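Novice: Okay, here's the structure, questions in a sec.
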Amino acid sequence: MPSTQDWINNPLGVVEAMFAAAQNNAASGWEAKLVEFFKDKLKQTDAQTSVPSLNDVPLHYLKPNSLVKFRCLIQDMFDPEFYMAAYQTVDPNTKAKVLRNGKYKDVTECSVDFDSRSTVTAERQTFYCVPIPGENSWVKEGHAAASQARVLPSTSYVPTRQKRSYEEDEEDANDMDTQPQREANAGLQTPAEQQQQHGSGDCKRQETEAPSGQTTAASHIDLNFPLPGEKGPSCLVKVYEDWDSYKVNDTLEVYGVLSVSPALSALAHEKDASMSALDPADSMETAEEQRVHSPPASLVPRLHVLHARRLPHNNPLLPEGGAAVSSSTLSEMASVRAELLAYFTHVLQGDALAAEYLILHLISDVYSRRDVLPLGKFTLNISGCPAVGPFTQRLYQNLQQLVPSSHYLAMSLQNMNQVRLVPKKDYSANRLVSGALQLARNTSLFLDETRLEQGQLDATGVRNVTALGNLISWQKVDYDFSYHQMEFPCNINVLVTSEARSLLPSDCQIRLQPQPGAAHTEEQQQQQHLGGVHASQLKKFRIYLSVARHLDYSISEEMTKSVEEDFVDMRKDDPASVSAEDLHRLLVVARLLSLSLGQTTLCRDTWQRAKHIDLQRRSRVEQHRHLNGNEP
């Protein structure tokens, strides 16, 4: 049985051993046994933390053809590709024939017998994956700290001077990482103008040169991160089993064989017949498509999947795989909630009611869909926020410290008219160009409407505002496929801060009401908001918010009847002010209030509490409306 170092450092050795055993014994189903072998290995104690991660370790520190893992989002799905799952080679000297395995590899052996009847052609799917967009630094640091993998700079692969070095490609990657930021600031696509000069004069070069379209700069390969300024590797993930069960925007942790061979690049100058056999680039129609789908492997490595799992969350403080919450954690939730409520009250300038609603918003989740209606969403609009000063940015910085993934979008006129929010299909490159709304499940999207100034929205701005409205109302984003729109459901927590009531729809509006004596100097706010929480308390807050979101919830028949009776009584008192929409909002508030207390079912006291805080909120909004009749 292979040792730990064998199956991590040399997974292809395990593959070859099982393939050979299957041929010798004429046994079938070796692929299924191989997958089960790696699944079992990864179930062992500390096994997963022993596998190096592409998220944490620089690519040039990882050994080619070793087992690595990658925490990622499926940004795009390419067309399926054919490969030689088994093929025969012929020794040119002895003429001996050997059957080889081609699974979990990109490049075949030399001296392939293309006329052999033993050749087996199979199909695999390729996903273009990127690190989870907006993943906050404490999450990345937490995952990296949990890793027990020990790696050193790889010396097993040293590229020749004629090929692009890791350092050259990394410089290109750094340049590309800043590309989305430049696009967001300038509102324009940067044209591919520069050309990369490769080393000339290679005595071993094949006489067929690369097409001219392949000599253009690798530095203009857009890594296609949804958010500006993102760092980390993108990866072509090759999937062999059950690829139909995955979809765009799924978040995964994949374990696979790392492939970084220079022959994988469409820019590679050296390709013999065996390397190019069934090369997916051969079926690509344009040079642009080849450039995007076959980028340099030192920029976009390939990962051949041996095992993959969907991530129910990316919080490193929670058990792997979303294991059941312990009873002790549930029993502590009420006390942790009280601490978090006090913290948010301080952040929100002494407004305890706004702090209450902020907690409910942060644990909200689309748990089901009824026809087109997403159930469980709770978009919150905090109005009354000061437009002058750093209040909204400070609020976002505090949320960054608590939620695993988030993104801040200042709704300035320039951003609305220039930022690409909705992903768009690029038919010339045959890929999905990402947008800022291509986010993972449960990402916190912070829309700062206090940055909106007077001016005219252009066509792009109107589309962006419409897209935000659809996201909030229906939890969906309509991706632009030029000739039609394709609806992609999502589950994104949207928080809107504004001076007056937001121009965007929301499930709930709370008017910020600072308390006398709660204001601080800017220096005090900076110190107290970001540094006033002990590390152990911060850890409790992070666990609490993720656990509360993933708890199960139900309402008994008795409570359902009680709620219906209450609604009838409220309608009797004032039919005009209580609608079915109000009842729906009350039920959502009651659900979230129960979960925030660690309760998995609604009780009478929590229902009364939900009605009480909703009455307070509505009274505050109405009072402000009467005092400021010009506000909608």
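Novice: When only residues in the range 323-343 that are in contact (Cβ under 8 Å) with a residue 24 or more places away in the chain and either hydroxyl-bearing (Ser, Thr, Tyr) or under 13 Å from LEU538 (Cα atoms) (or both) count, which is surrounded by the most Cβ atoms within 10 Å (Cβ to Cβ)?
Specialist: Applying the filter and picking the extreme gives LEU340.
Novice: Next question, about the same structure. Being open to solvent by 10 Å² or more (accessible area, probe 1.4 Å) and not basic (Lys, Arg) is the filter here; which residues of the range 362-377 pass it? Please lay out each step first, then the result.
Specialist: Step one: filter the range 362-377 for residues open to solvent by 10 Å² or more (accessible area, probe 1.4 Å), giving 365-373, 375, 377.
Across the range 362-377, the qualifying residues are ASP365, VAL366, TYR367, SER368, ASP371, VAL372, LEU373, LEU375.
Novice: Separate question: Among the residues of the range 616-632, what is the count of those that are open to solvent by 50 Å² or more (accessible area, probe 1.4 Å), at pLDDT below 95 and either under 24 Å from ALA548 (Cβ atoms) or not hydrophobic (A, V, I, L, M, F, W, C) (or both)?
Specialist: Pass one, the range 616-632, residues open to solvent by 50 Å² or more (accessible area, probe 1.4 Å): 616, 618-619, 622-623, 625-630, 632.
So of that shortlist, the ones also at pLDDT below 95 come out as 618-619, 622-623, 625-630, 632.
Those left that are additionally either under 24 Å from ALA548 (Cβ atoms) or not hydrophobic (A, V, I, L, M, F, W, C) (or both): 618-619, 622-623, 625-626, 628-630, 632.
Final tally of qualifying residues: 10.
Novice: When ASP177 is evaluated against the numbered criteria (1) closer than 27 Å to PHE225 by Cα; (2) at pLDDT 55 or above, which criterion, by number, is the only one it fails?
Specialist: Single failed check for ASP177: (2).
Novice: Which number in (1) surrounded by 18 or more Cβ atoms within 10 Å (Cβ to Cβ); (2) touching a Lys or Arg at 6+ places or on another chain (Cβ under 7 Å); (3) part of a strand (DSSP E or B) marks the one condition that GLU487 misses?
Specialist: For GLU487, the exception is condition (1).
Novice: Kindly check whether there is at least one residue in the range 341-351 that is over 22 Å from ALA440 (Cα atoms), modelled with pLDDT of 95 or more, in a helix (DSSP H, G or I) and of a type in the set (D, E, K, R).
Specialist: Checked the range 341-351: no residue is over 22 Å from ALA440 (Cα atoms), modelled with pLDDT of 95 or more, in a helix (DSSP H, G or I) and of a type in the set (D, E, K, R).
Novice: Could you list, in sequence order, the residues of the range 269-310 that are in contact with a Cys (Cβ under 8 Å, 6 or more places away or on another chain) and either modelled with pLDDT of 65 or more or over 24 Å from LEU12 (Cα atoms) (or both)? Steps first, answer last, please.
Specialist: Residues of the range 269-310 that are in contact with a Cys (Cβ under 8 Å, 6 or more places away or on another chain), as a first pass: 272, 274, 300-303.
VAL300, PRO301, ARG302, LEU303 - these are the residues of the range 269-310 that are in contact with a Cys (Cβ under 8 Å, 6 or more places away or on another chain) and either modelled with pLDDT of 65 or more or over 24 Å from LEU12 (Cα atoms) (or both).
Novice: Considering only residues of the range 144-170 that are modelled with pLDDT of 75 or more and of a type in the set (S, T, N, Q), which is most open to solvent (accessible area, probe 1.4 Å)? Write out each step before concluding.
Specialist: Restricting attention to the range 144-170, the residues satisfying the condition of being modelled with pLDDT of 75 or more are 144-149.
Next cut, of a type in the set (S, T, N, Q) only: 147-148.
Details: SER147: 26, GLN148: 89 Å².
Among those residues, the one meeting the criterion is GLN148.
Novice: Quick one: how many residues across the range 544-578 are in a helix (DSSP H, G or I), of a type outside the set (Lys, Arg) and either touching a helix residue (DSSP H, G or I) at 6+ places or on another chain (Cβ under 6 Å) or within 22 Å of LEU375 (Cα to Cα) (or both)? Spell out how you get there, then give the answer.
Specialist: Taking the range 544-578 first, the residues in a helix (DSSP H, G or I) are 544-550, 557-573.
Filter once more, so that each one left must be of a type outside the set (Lys, Arg): 544-548, 550, 557-560, 562-570, 573.
If we keep only those that are either touching a helix residue (DSSP H, G or I) at 6+ places or on another chain (Cβ under 6 Å) or within 22 Å of LEU375 (Cα to Cα) (or both) as well, we get 544-548, 550, 557-560, 562-564, 566-567.
The qualifying residues number 15.
Novice: Follow-up question, since we're still on this one. Report, by residue number, each residue of the range 546-566 that is open to solvent by 40 Å² or more (accessible area, probe 1.4 Å), over 30 Å from VAL139 (Cβ atoms) and not charged (D, E, K, R). So that I can check it myself, show each step before the final result.
Specialist: To start, the set of residues in the range 546-566 that are open to solvent by 40 Å² or more (accessible area, probe 1.4 Å) comprises 550, 552-558, 560-561, 564-565.
Keeping just the survivors that are over 30 Å from VAL139 (Cβ atoms) gives 554-558, 560-561, 564-565.
Selection gives SER554, ILE555, SER556, THR560.
Novice: Restricting attention to the range 374-384, and to residues there that are assigned to a strand (DSSP E or B) and touching a residue at least 40 places away in the same chain (Cβ under 8 Å), which single residue is nearest to LEU593 (Cα to Cα)? Quick ask: steps written out before the conclusion?
Specialist: Initially, the range 374-384 is screened for residues assigned to a strand (DSSP E or B), giving 374-375, 380-383.
In the following step, the residues that additionally are touching a residue at least 40 places away in the same chain (Cβ under 8 Å) were identified as 374, 380-383.
Numbers: PRO374: 19, LEU380: 15, ASN381: 18, ILE382: 18, SER383: 21 Å.
The residue in question is LEU380.
Novice: Has the range 65-74 got any residue that is in contact (Cβ under 8 Å) with a residue 40 or more places away in the chain and among the charged types (D, E, K, R)? Let's see the steps before the verdict.
Specialist: Going residue by residue through the range 65-74, those that are in contact (Cβ under 8 Å) with a residue 40 or more places away in the chain are 65-74.
With the extra rule that they be among the charged types (D, E, K, R), the set shrinks to 69, 71.
Yes, the range 65-74 has at least one match.
Novice: Which residue, of ALA22, ALA32, is more than 24 Å from the chain's Cα centre (by Cα), open to solvent by less than 30 Å² (accessible area, probe 1.4 Å) and of a type in the set (Gly, Ala, Ser)? Let's see the steps before the verdict.
Specialist: Values: ALA32 fails: open to solvent by less than 30 Å² (accessible area, probe 1.4 Å).
From the options ALA22, ALA32, the qualifying one is ALA22.
Novice: Regarding LEU583, is this residue touching a residue at least 40 places away in the same chain (Cβ under 8 Å), outside any loop (DSSP other than H, G, I, E, B) and surrounded by 14 or more Cβ atoms within 10 Å (Cβ to Cβ)?
Specialist: no
Novice: Here's something else I'd like to know. Of the conditions (1) open to solvent by less than 10 Å² (accessible area, probe 1.4 Å); (2) part of a loop (DSSP other than H, G, I, E, B), ILE359 satisfies every one except a single condition; which number is it?
Specialist: Unmet condition: (2).
Novice: Applying the selection to the range 591-601, what residues are surrounded by 23 or more Cβ atoms within 10 Å (Cβ to Cβ) and without any contact (Cβ under 8 Å) to a residue 60 or more places away in the chain?
Specialist: Of everything in the range 591-601, just one residue is surrounded by 23 or more Cβ atoms within 10 Å (Cβ to Cβ) and without any contact (Cβ under 8 Å) to a residue 60 or more places away in the chain, namely SER594.
Novice: (1) within 16 Å of GLU449 (Cβ to Cβ); (2) in a strand (DSSP E or B); (3) under 22 Å from the mean Cα position of the chain (by Cα): which one isn't true of SER406, the others all being true?
Specialist: Checking SER406 against (1) within 16 Å of GLU449 (Cβ to Cβ); (2) in a strand (DSSP E or B); (3) under 22 Å from the mean Cα position of the chain (by Cα), the one that fails is (1).
Novice: Ok, one more. Scanning the range 311-322 for residues that are assigned to a loop (DSSP other than H, G, I, E, B) and in contact (Cβ under 8 Å) with a residue 12 or more places away in the chain, which turns out least open to solvent (accessible area, probe 1.4 Å)?
Specialist: Kept after step one, since they are assigned to a loop (DSSP other than H, G, I, E, B), are these residues of the range 311-322: 311-319.
Next, from what is left, pick out any that are in contact (Cβ under 8 Å) with a residue 12 or more places away in the chain: 311-318.
Numbers: LEU311: 22, PRO312: 50, HIS313: 32, ASN314: 21, ASN315: 3, PRO316: 37, LEU317: 63, LEU318: 27 Å².
Residue satisfying both the conditions and the ranking: ASN315.
Novice: Test of understanding: among ALA354, ALA297, ALA308, ALA387, which residue is open to solvent by less than 50 Å² (accessible area, probe 1.4 Å), under 30 Å from GLU31 (Cα atoms) and not in a strand (DSSP E or B)? Full working, then the answer.
Specialist: On the way: ALA354 fails: under 30 Å from GLU31 (Cα atoms); ALA308 fails: not in a strand (DSSP E or B); ALA387 fails: under 30 Å from GLU31 (Cα atoms).
Of ALA354, ALA297, ALA308, ALA387, the one residue that is open to solvent by less than 50 Å² (accessible area, probe 1.4 Å), under 30 Å from GLU31 (Cα atoms) and not in a strand (DSSP E or B) is ALA297.
Novice: Looking for whichever is part of a helix (DSSP H, G or I), within 24 Å of GLN454 (Cβ to Cβ) and open to solvent by 30 Å² or more (accessible area, probe 1.4 Å) here; the options are GLN397, GLN414. Which one fits?
Specialist: After ruling out the rest, the residue left standing is GLN414.
Novice: Out of the strands (runs of 3 or more DSSP E) lying entirely within the range 42-143, which hold 1 or more residues that are surrounded by fewer than 22 Cβ atoms within 10 Å (Cβ to Cβ) and more than 19 Å from the chain's Cα centre (by Cα)?
Specialist: Details: elements: 67-77, 81-90, 97-101, 120-131.
Where strands (runs of 3 or more DSSP E) fall fully within the range 42-143 and carry at least 1 residues being surrounded by fewer than 22 Cβ atoms within 10 Å (Cβ to Cβ) and more than 19 Å from the chain's Cα centre (by Cα), they are 81-90, 97-101, 120-131.
Novice: Within the range 421-454, which residues are buried (at least 21 other Cβ atoms within 10 Å of the Cβ) and either without any contact (Cβ under 8 Å) to a residue 40 or more places away in the chain or in contact with a Gly (Cβ under 9 Å, 6 or more places away or on another chain) (or both)?
Specialist: Scanning the range 421-454 gives LEU421, VAL422, PRO423, LEU439, ALA440, THR443, SER444, LEU445.
The values are calculated or read from the model by the stated rules, or taken from the named source; none is laboratory data. Just so we're clear, the structure is a prediction, and the values are computed from it rather than from any experiment. Don't worry about glycine lacking a Cβ; one is built from the backbone with ideal geometry, like all the others, and counts go over all protein chains shown. Areas reflect the complete protein model, heavy atoms only, side chains present, ligands, DNA and RNA absent. Shrake-Rupley method; radii C 1.70, N 1.55, O 1.52, S 1.80 Å.
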